Structure formats: C-alpha cells, structure tokens
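Participant: Below is the structure I would like to discuss, written out as structure tokens.
The values are calculated or read from the model by the stated rules, or taken from the named source; none is laboratory data. Small disclaimer: the values here were computed from a predicted structure and weren't measured. Cβ placement follows ideal geometry from the backbone for every residue including glycine, while neighbour counts extend to all protein chains displayed. To get the accessible areas, we keep the full protein, side chains included, count just its heavy atoms, and leave off ligands, DNA and RNA. Shrake-Rupley method; radii C 1.70, N 1.55, O 1.52, S 1.80 Å.
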Amino acid sequence: QKEVEQNSGPLSVPEGAIASLNCTYSDRGSQSFFWYRQYSGKSPELIMSIYSNGDKEDGRFTAQLNKASQYVSLLIRDSQPSDSATYLCAVISGYSTLTFGKGTMLLVSP
Amino acid sequence: GAVVSQHPSRVICKSGTSVKIECRSLDFQATTMFWYRQFPKQSLMLMATSNEGSKATYEQGVEKDKFLINHASLTLSTLTVTSAHPEDSSFYICSARNPSGREETQYFGPGTRLLVL
C-alpha cells in the first residue's frame, strides 16, 4: 500500500513568515513529487513539481526533496493571507498514478 | 499551466437517476485523463484512469458498472454516475495529463459537486 503522509494541521503562521509543509512517502521507488494547493470548495492547483534531490525554487515557493529519507517539503516565504489553503503532497510511482496525502491546512493570519 | 474544464460545476439530482459529467482538455490533447472523488475533509481518491480509445482502468473498490467512463476523443472524457444514491454525493474532479510537458504532470478541472437527494 503506497502511502503519503502529511500533518493535517492547521499550521498557523503570521503574515510575512515562512511556512514549512512536510510530507513523507512510503514507496522508495517514487520518482515524481508534486505540491498542489486547494482552496476550500475548489479543485487542486499545481504549485510545484520536483524530481531530483535538492531544492527547487519558484518565486516564494521552494520544494525540497530527500529521496534517501523519503521526505519532501514545501517552504512558502513571505506568507500571505491568500496562501491560506490546504496543501496536498502527491507522489507518482510505478504506473504514473498520483497518490495524494490528506493535505495540510495552512492559515496565514494578517 | 494547461486548462481543463468540467461541466456541470454543480448538479442536484434525485436518487435513482443518472448523471453525466464532462471533462475537457482545452489547449492540449490528453491521451490519459483521471477521475477522482473527494468527500468533505478527505483527500482525493483516484477512481479510474481513462485512456482514449480503450477501456478505463478502475481502482479497487470502484464499481465500473456504476461509474461509466468514456474517453471517446483526445479532449473529452465523461463520467456517468448511474442510479445515483445519496452516498454518491461528493466532489468529482477530473485531471488530464499534458503530453507536451513532463509526462507525469496532471492538471485538474474545477470539479463537479454532486448532491443526490
């Protein structure tokens, strides 16, 4: 059973702070990793993808991957209230189907 | 990012009726589309993988005779919930894989909220 684990939260951070979201996965053969943002009542929106160990930066977002530890994280710098949403970690292994974590709710207070 | 649409965005129906949901990739041809279901405060659960021109592949526990999937063209997949019951009420979301980008990247439609009375 392939599993993707996330802390459900909520993770509360003040505006302007760095939000750190974490995810672990069970399938060591996983090759592709994604972070999606989902606002309440809406469908997921792709934020970042990462495929190799290390950091990948895109604007205020940085994804970090450590395959040895089976760990992937998302850092959001200068957090804004509009970043308040549920962040879903998703992993692909094997037959290219996405396995989602349950998501971490992020609350950014003004 | 790629654009995927769904129709309808919301549907309310009586128990026993069938409901068809359309998923379209608007700016690319998608040989593979995926159908997910999300219950309140739960994560997305993959229901089936829809392949253009062939039968869909259903996940374990998903009844293929109840959730009919047709992927007749490279831009359209449909999900029909047959003989819907209140427990089928959920948020149904499709996604499409954009073959021009990294093969694994999926883009989601806006979702269809189904309420069965």
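Participant: Can you give the translational diffusion coefficient of chain A in µm²/s, computed by Stokes-Einstein from the Kirkwood radius over Cα pairs at 4 °C and 1.567 mPa s?
Facilitator: Result for D is 94 µm²/s.
Participant: Over its Cα atoms, what ratio of radius of gyration to 2.2 N^0.38 Å does region B:1-43 give? All intermediate terms of the calculation are to be shown ahead of the outcome.
Facilitator: Details: Rg = 13.2 Å, N = 43, 2.2 N^0.38 = 9.2 Å.
That ratio works out to 1.44.
Participant: What average count of beta carbons from other chains do you get within 10 Å of the Cβ of residues in A:98-105?
Facilitator: 4
Participant: Then there's this: Where is the GNM fluctuation largest for chain B (alpha-carbon springs, 10 angstrom cutoff): B:ILE69, B:ILE93, B:ILE12?
Facilitator: Highest fluctuation of the listed residues: B:ILE12.
Participant: While we're looking at this one, here's another question. Quick one: putting +1 on the C-beta of Lys and Arg, -1 on the C-beta of Asp and Glu, what dipole do you get for chain A around its Cα centre, in Debye to the nearest 20?
Facilitator: Working: 9 positive and 10 negative charges, 44 e Å.
Using Cβ point charges on Lys, Arg, Asp and Glu, chain A gives about 220 debye.
Participant: Placing +1 on the Cβ of each Lys and Arg and -1 on the Cβ of each Asp and Glu in chain A, which of A:SER52, A:ILE76, A:TYR39 has its Cα farthest towards the positive end of the resulting dipole?
Facilitator: Farthest along the dipole direction, towards plus: A:SER52.
Participant: Same structure, new question: Post the alpha-carbon centroid distance, region A:2-49 to region B:4-64, in whole angstrom.
Facilitator: Here the answer is 23 Å between Cα centres.
Participant: How fast does region A:4-65 diffuse by Stokes-Einstein, in µm²/s, taking the Kirkwood radius from C-alpha pairs at 25 °C and 0.890 mPa s? Provide the component values of the computation, followed by the final result.
Facilitator: Numbers: Rh = 13.4 Å.
Once the numbers are plugged in, D ends up at 184 µm²/s.
Participant: Another question, then. Would you grab the residues whose amide H sits under 5 Å from the one on A:MET48? Only those 5+ places off in sequence or on another chain, please, with H modelled 1.01 Å from N.
Facilitator: Hits under the 5 Å cutoff: A:TRP35.
Participant: If the rule is a partner Cβ under 4.7 Å, which cysteines in the protein assembly as shown fail it?
Facilitator: B:CYS13
Participant: Further question: Can you divide the C-alpha Rg of the protein assembly as shown by 2.2 N^0.38 Å and report the result to two decimal places?
Facilitator: Details: Rg = 17.7 Å, N = 227, 2.2 N^0.38 = 17.3 Å.
For the protein assembly as shown, the normalised Cα radius of gyration is 1.02.
Participant: Dipole of the protein assembly as shown, Cα-centred, from +1 at each Lys and Arg C-beta and -1 at each Asp and Glu C-beta, to the nearest 20 debye? Let's see the in-between values first.
Facilitator: On the way: 21 positive and 20 negative charges, 78 e Å.
For this selection, approximately 380 debye.
Participant: Next question. In vacuum, with every alpha carbon of region A:39-83 counted as one equal point scatterer, what does the Debye formula give for log10 I(q)/I(0) at q = 0.16, 0.29 Å⁻¹? Two decimals, please.
Facilitator: Debye intensities relative to I(0), on a log10 scale: -0.51, -1.07.
Participant: Let me ask something else. Carbon and sulfur atoms: what percent of the 1.4 Å accessible area of the protein assembly as shown do they account for? Can you show the working numbers first?
Facilitator: Values: 5500 of 11160 Å².
Ligands and nucleic acids excluded, carbon and sulfur give 49 percent.
Participant: Right, here's the next one. Rounded to the nearest 20 Debye, what is the dipole magnitude of chain B about its Cα centre when Lys and Arg each give +1 and Asp and Glu each give -1 at the C-beta? Walk me through the numbers before you get to the answer.
Facilitator: Numbers: 12 positive and 10 negative charges, 56 e Å.
Roughly 260 debye for chain B.
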